[in-house]
1. Once you mark the trypsin sites (Lys or Arg not before Pro) that are in a DSSP loop and have at most 13 other Cβ atoms within 10 Å, what is the longest gap between them in the chain?
2. For the residues Met188, Met66, what sequence is obtained by ranking on other C-beta atoms within 10 Å, fewest first?
3. Which entries in the list Lys83/Lys159; Lys156/Lys205; Lys156/Lys177 go over 23 Å, if you measure between the two C-alpha atoms of each?
4. What is the set of long-range amide H partners of Thr104 at a cut-off below 5 Å, with H atoms built 1.01 Å from backbone N?
5. Label points 7 Å out from Cα along the Cβ direction at Ile35 and Thr163: separation in nm?
6. With Cβ to Cβ distances under 12 Å as the rule, what net charge do the other residues near Thr124 carry (K, R +1; D, E -1)?
7. Which ³J(HN,Hα) values in Hz, rounded to whole numbers, follow from the phi angles of segment 51-62 under the Karplus curve 6.51 cos²θ - 1.76 cosθ + 1.60, where θ = phi - 60° and Gly and Pro get x?
8. Expected output is a single nm value to one decimal: the length gained when fully extending between Asp128 and Val189, i.e. 0.36 nm times separation in residues minus the C-alpha distance. What is it?
Amino acid sequence: MNLLQNIREINKKYFYVLLIEIASTALYPLTNRPIGFVRNLTLPWDAKIPLIKEFLLIYHISYPFMYFNLFLFLNLYKDVFVKGALSIALGNVLAFFTFFLYQTEVPRPDVLGNDLFSRMLRITYENDMPYNGFPSLHILTTTIILIAILSSKSNKGYKIFSTVLCILIFLSTLFVKQYTLLDVVGGMVYGSVSYIFVSYVIKLKSKNMNI
């Protein structure tokens, strides 16, 4: 009976970790609107990046890829799952504070044409306001998932595949004009710092428990 209770407690702990991550993501709509003075972080280099509508398919892979890996970690590498999920939650919270204090807007091009990708891009623009730009949450979460994959015991082939896919996701955010270059850099920094901080706290806590 004690064994069953322990198993339930362990499963409950991981469920709460996942719930924290999902709850932090659900805050997004609250900040996806103009808040006070709205800034434009577009650089001259951004204008040289072409609009490639087909990259929208890669762009929308980001969150399914994130949750697929979180559930993969939950089944195979629970320590990596905890680090990844809590890092995403922390990164989201830091990003939302930034949105409230330093709201930005990403200028979007007019999308002409009635081909499939033009229609899909217009739908994407209509359902995602152009405000939560810096840092890019797409980049933030993808950065954390990539770090988690590379630090896990996943095989080399999956690590190479994930690296290539994540690079394509990074590029897609620029090619579909959802984010600027500074938004991408910000997402990488927020994601990396969040993962490093969570990993340090977990390591420190484990060390104290072993004393």
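1. On the way: sites that count: Lys48, Lys153.
In the chain, the maximal stretch lacking such sites is 49-152.
2. Working: Met188 18, Met66 22.
Arranged by neighbour count, lowest to highest, Met188, Met66 become Met188, Met66.
3. Details: Lys83/Lys159 18 Å; Lys156/Lys205 30 Å; Lys156/Lys177 32 Å.
Pairs exceeding the cut-off: Lys156/Lys205; Lys156/Lys177.
4. Answer set, sorted by chain and number: Arg39, Gly133, Phe134.
5. 3.6
6. Details: positive: Lys53, Arg108, Arg119, Arg122, Lys177; negative: Glu126, Asp128.
Charge balance near Thr124 sits at +3.
7. Each residue's phi maps through the Karplus curve to give 7, 10, 4, 5, 5, 4, 4, 5, 4, 7, 7, 3 Hz.
8. 19.7 nm
Values quoted throughout were computed directly from the atomic coordinates according to the rules given, and no laboratory measurement underlies them. Here the structure is a predicted model, which is why all the values come from computation and not from measurement. Here the Cβ is made from the backbone with ideal geometry for all residues, glycine too, and neighbour counts use every protein chain on show.
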